[in-house]
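Chemist: This is the structure I want to talk about, given as structure tokens.
The values are calculated or read from the model by the stated rules, or taken from the named source; none is laboratory data. Keep in mind that what you see is a predicted model, and the values were worked out from it rather than measured. Every residue, glycine as well, gets a Cβ built from its backbone with ideal geometry; the counts of neighbours run over all protein chains shown.
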2 protein chains.
Amino acid sequence: MEQKQIDLALDEVRAALEAGHVLDAIAALIRLHPADRAEAFSDLNDEDQAALLPRLDIPTMADLLEELEDEHAADVAEVLPTERLADILDEMEPDEAADILGDLSPKRVAEALAEMEDANDVIPLLGYPDETAGGLMTTSYIALRPHTTAKQAISFLREVSPEEETPYYLNVIDRDRRLVGIVGLRELVIAEPDTMVEVFMDPSVLHVNTDTDQEEVARLMVRYNLAALPVVDHNNVLKGVITYDDLMDVLEEEATEDIYRLANVSDPDLSIDSPIGMSIRRRLPWLYLNTLTAFFASWVISQFESIIAQVAVLAVFLSVVAGLGGNSATQSLAIIVRAIALGELEIHEAWRTILKEAAVGLLQGISVGVVAGIGVYLWKGNAVMGVILGIALAGNILVAGIIGSLVPVLLKALRLDPALASSVLVTAVTDSTGFALFLTLAVIFLPHLS
Amino acid sequence: MEQKQIDLALDEVRAALEAGHVLDAIAALIRLHPADRAEAFSDLNDEDQAALLPRLDIPTMADLLEELEDEHAADVAEVLPTERLADILDEMEPDEAADILGDLSPKRVAEALAEMEDANDVIPLLGYPDETAGGLMTTSYIALRPHTTAKQAISFLREVSPEEETPYYLNVIDRDRRLVGIVGLRELVIAEPDTMVEVFMDPSVLHVNTDTDQEEVARLMVRYNLAALPVVDHNNVLKGVITYDDLMDVLEEEATEDIYRLANVSDPDLSIDSPIGMSIRRRLPWLYLNTLTAFFASWVISQFESIIAQVAVLAVFLSVVAGLGGNSATQSLAIIVRAIALGELEIHEAWRTILKEAAVGLLQGISVGVVAGIGVYLWKGNAVMGVILGIALAGNILVAGIIGSLVPVLLKALRLDPALASSVLVTAVTDSTGFALFLTLAVIFLPHLS
């Protein structure tokens, strides 16, 4: 739906720019929702972008920088006149402004901050790493004192007329700015006008520290259905608030990270729009690692070269053993990694899960082993080969269940990211085990094989 | 953090039940947040659960059923006295009540609805499939008429004193209940008391139909940062509202679905807590499919049995060709599937993405081919073998880039779920291509191989 609108607007913008009517082009762009506008802007060529940039007003520029991809926003911000950049950053939410500044050169950051009016809101945010609660929070929140009445609070709100993205929760703080409670806008509206905030605030407000990881932030907000989560320092002093709209981005980012790691793509920022050079730099290392592990598995096979020379048909079935082991290990891996990400797996109970995956592996292994063994017998008329392949498959799928669950649990226990247990590493184990098992059985049964 | 509290509460609950003090057990449970309480309750054995259930009050039971896993909630609801179940369902949000009823036997549903007071709020929701906007929305929303003043609206809110989960957006509807706008609670609070709602409402409110897929709902809410999204029927009549807390669950569910499908686990409801029998029923079919595809790949190898009998070392490197092709295809697959899920890939521009993945594949193929070729030469002292393996790897990784991106794009164009392009199907192609390429090269270069 919105794609059609974007395409229509783009046609209009391009035609207007062609005819030299910059204002018409801007009018066509402005009609789009800011998120769509940023996408349309990205689709324009450099020349068209350069023609529009100096003519967009400050609020439109602020929307644009907030919605553009990080790198593109940084490119645009890098070339703006300093004074204009400072005005735009002043217009933005402090957390968004901090994100833009975080991608600029140190010299440019210093220049922009020197020109900004609200630099004091933004500077405290610059020190927090991107993937922590401090990096996610905004400093533009509303705080009340416990003895304010509902009526006073509402007229205060009317006075400051908070901006669109301010959360629907109001923080209650004491004289030292320590967090003592939270009030929903709804409670405020329905409270009797003369009641004091402390009467209807929720004093046991859930909060996180500035250095809490964003994965934990996401888990808490989803688990407890929170629209906003206050962030405090180690003295319980309120530092900022994380709102549900930032959370949605985190949830998508964390999911992308897990999907990519399982698929051996180590950088969650990689997308279909990434330049080819960047894609290769981030993906090739995994393939080189995979080359190493594949050579290890092939070294296992090379130990059995003489029996393969005698019974060449063994080579035909090596890939069956490896393929099925790898796939069932990946099944276990995905289920365990996801459970850890969603906070469903407690490490001290993990042995039960590993035991269960082993049981699933054993039963699946027997099921697949029997079917594949019969298949080989029907195809090659060789019953002994069928039995060896069946046993090797059963054994390897059992190993797959254990390794696929053990490796992410171990990584988690070592406080490493369990999604690092990508299929490359786990299938290296199942490949080697499978080959060794299958070919050792072949050596034992050699007299009956041909 | 919360795990410790849950464990402490569990110890208390068990001790109290042991001593026959049911009320003390309930008190220990009640101190937990409803989400934690449900987890603690699930960890109790059947006997302890049965001792507690009849003594919990209606609001606590409602919280419990909302927070328990679907299947467990249905088990509990199935055994409650009908009158008690009806009271509990009346206490719940209509969408949550509908979810519970959706998992019960038809007879039980009829009995419960007959006893319920708010059956009329819930019945309209029972007809919508779970994964559509209709299945996600709640009917408990607040609607205003355009000519209401801000002051009237606020006293109306005070009067109905909406429940905790009611969204912070108020819908504006005409006399036929058609959606004409939306008003944030914040705009209402800061508006001049005598202004009419239609003056400060947003008339171009984004909305979806009852049959819109939940993936599209999630995409829109994330893209436009919405805390609530109205749902209308085909006559634009307001039917319900989807709120951000439901969205967070959808985002997690969709991410789980994508991760699982890529890993050949077809059921997103599968988790580490699923019974072994269910795990096997859902996972084994993929392994059987994989057995078929693996046999196809091994049939390709069997066409070359005679050359393998002559040059057994070829068998050693087959797994290297297959492994690297499979892994690079999975990289492409993950990036494309994720881009489609996040709405970043437009089908009519997909040829560009496929071309790019082909280019990445070619360059990665050459890089890996050169390194692996040299590796083989150093290990086996056989330059020709190094060259064939290098060329086969380069070719197969190129094919992997094309297949890994083409298959999900085709599925999407055919309106099937692109995540169905699981690694099983894609690696079946890369395995077969890789084997054919490598062994054909071996036949051509045979005179120089040994």
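Chemist: For residues that are among the aromatic types (Phe, Trp, Tyr) and under 35 Å from the mean Cα position of the chain (by Cα), tally how many sit in the stretch B:281-327. Step through it out loud before you land on a result.
Modeler: Of the stretch B:281-327, the ones among the aromatic types (Phe, Trp, Tyr) are B:286, B:288, B:295-296, B:299, B:304, B:317.
Narrowing further to those that are under 35 Å from the mean Cα position of the chain (by Cα): B:286, B:288, B:295-296.
Residues that pass the stated criteria total 4.
Chemist: Is there any pair linking a residue in the stretch B:19-32 that is farther than 13 Å from B:Leu44 by Cβ to one that is surrounded by 15 or more Cβ atoms within 10 Å (Cβ to Cβ), with Cβ under 7 Å and at least six apart or on different chains, and which?
Modeler: Sorted first by the residue in the stretch B:19-32, then by its partner, the pairs are B:Asp24/B:Ala16; B:Ile30/B:Thr60; B:Arg31/B:Ala9.
Chemist: Considering the stretch A:1-28 alone, what residues qualify as being among the acidic types (Asp, Glu) and exposed (fewer than 13 other Cβ atoms within 10 Å of the Cβ)?
Modeler: Selection gives A:Asp11, A:Glu18.
Chemist: Among what's in the stretch B:328-351 and is acidic (Asp, Glu) and facing chain A (nearest Cβ under 7 Å), pick the residue that is farthest from B:Val409 (Cα to Cα). Walk me through it before giving the result.
Modeler: Applying the first criterion (acidic (Asp, Glu)) to the stretch B:328-351 yields B:344, B:346, B:349.
Cutting the leftovers down to facing chain A (nearest Cβ under 7 Å) gives us B:344, B:346.
Values: B:Glu344: 12, B:Glu346: 9 Å.
By that ranking, first place goes to B:Glu344.
Chemist: Further, regarding this structure: Just to check your reading of the model, which residue among A:Leu251, A:Leu206 is among the aliphatic types (A, V, I, L, M), surrounded by fewer than 21 Cβ atoms within 10 Å (Cβ to Cβ) and either without any contact (Cβ under 8 Å) to a residue 40 or more places away in the chain or in the same structural domain as A:Val337 (by TED's automatic domain parsing) (or both)? Can you show your working first?
Modeler: Numbers: A:Leu251 fails: surrounded by fewer than 21 Cβ atoms within 10 Å (Cβ to Cβ).
Answer to the selection: A:Leu206.
Chemist: Okay, next question. Mind checking which residues of the stretch A:299-329 are surrounded by 24 or more Cβ atoms within 10 Å (Cβ to Cβ), closer than 15 Å to A:Thr440 by Cα and not aliphatic (A, V, I, L, M)?
Modeler: A:Phe317
Chemist: So, in the stretch A:40-70, of the ones that are touching a residue at least 24 places away in the same chain (Cβ under 8 Å), more than 26 Å from A:Asp249 (Cα to Cα) and among the charged types (D, E, K, R), which residue ends up surrounded by the most Cβ atoms within 10 Å (Cβ to Cβ)?
Modeler: Taking the candidates together, the pick is A:Asp48.
Chemist: If you check every pair at least six apart or on different chains, which have Cβ atoms under 9 Å apart with a residue in the stretch B:426-446 that is free of Cβ contacts under 8 Å to residues at least 24 places away in the same chain first and a residue that is in a helix (DSSP H, G or I) and among the β-branched types (Val, Ile, Thr) second?
Modeler: B:Ile444/B:Ile388
Chemist: Of A:Val208, A:Val232, A:Val197, A:Val237, which residue is touching a Pro at 6+ places or on another chain (Cβ under 7 Å) and farther than 30 Å from B:Thr330 by Cβ?
Modeler: Values: A:Val208 fails: touching a Pro at 6+ places or on another chain (Cβ under 7 Å); A:Val232 fails: touching a Pro at 6+ places or on another chain (Cβ under 7 Å); A:Val237 fails: touching a Pro at 6+ places or on another chain (Cβ under 7 Å).
Only one candidate passes the filter, namely A:Val197.
Chemist: Continuing with the same structure: Take the stretch A:266-313 and flag every residue that is hydroxyl-bearing (Ser, Thr, Tyr), outside any helix (DSSP H, G or I) and facing another protein chain (nearest Cβ under 7 Å).
Modeler: We begin by selecting, within the stretch A:266-313, every residue hydroxyl-bearing (Ser, Thr, Tyr); these are A:266, A:271, A:274, A:279, A:288, A:291, A:293, A:298, A:302, A:306.
Next cut, outside any helix (DSSP H, G or I) only: A:266, A:271, A:274.
Across the stretch A:266-313, the qualifying residue is only A:Ser271.
Chemist: Based on what the data block shows, is A:Asp95 part of a helix (DSSP H, G or I) and within 20 Å of the chain's Cα centre (by Cα)? Explain how you work it out, then say what you get.
Modeler: Values: part of a helix (DSSP H, G or I): yes; within 20 Å of the chain's Cα centre (by Cα): yes.
When the stated conditions are applied, A:Asp95 passes them.
Chemist: Could you identify the single residue in B:Val399, B:Val384, B:Val360 that is assigned to a helix (DSSP H, G or I) and either free of Cβ contacts under 8 Å to residues at least 24 places away in the same chain or within 9 Å of chain A (Cβ to nearest Cβ) (or both)? Show your work before the answer.
Modeler: Details: B:Val399 fails: either free of Cβ contacts under 8 Å to residues at least 24 places away in the same chain or within 9 Å of chain A (Cβ to nearest Cβ) (or both); B:Val384 fails: either free of Cβ contacts under 8 Å to residues at least 24 places away in the same chain or within 9 Å of chain A (Cβ to nearest Cβ) (or both).
Of B:Val399, B:Val384, B:Val360, the one residue that is assigned to a helix (DSSP H, G or I) and either free of Cβ contacts under 8 Å to residues at least 24 places away in the same chain or within 9 Å of chain A (Cβ to nearest Cβ) (or both) is B:Val360.
Chemist: Out of the residues in the stretch B:217-235 that are in contact (Cβ under 8 Å) with a residue 24 or more places away in the chain and at the interface with chain A (Cβ under 9 Å from one of its Cβ atoms), state the one that is nearest to the chain's Cα centre (by Cα).
Modeler: Checking each candidate, the answer is B:Ala218.
Chemist: Determine which single condition A:Ala372 fails, assuming it passes every other condition in (1) under 36 Å from the mean Cα position of the chain (by Cα); (2) within 10 Å of chain B (Cβ to nearest Cβ); (3) in a helix (DSSP H, G or I).
Modeler: Exception for A:Ala372: condition (1).
Chemist: Report, by residue number, each residue of the stretch A:110-122 that is surrounded by fewer than 16 Cβ atoms within 10 Å (Cβ to Cβ) and aliphatic (A, V, I, L, M).
Modeler: Across the stretch A:110-122, the qualifying residues are A:Ala110, A:Ala114.
Chemist: Got a number for residues in the stretch B:236-265 being part of a loop (DSSP other than H, G, I, E, B) and more than 17 Å from the chain's Cα centre (by Cα)?
Modeler: Final tally of qualifying residues: 1.
Chemist: Is it the case, given these coordinates, that B:Ile26 is at pLDDT below 90, in the same structural domain as B:Leu80 (by TED's automatic domain parsing) and of a type in the set (A, V, I, L, M, F, W, C)?
Modeler: Values: at pLDDT below 90: no; in the same structural domain as B:Leu80 (by TED's automatic domain parsing): yes; of a type in the set (A, V, I, L, M, F, W, C): yes.
No, not satisfied.
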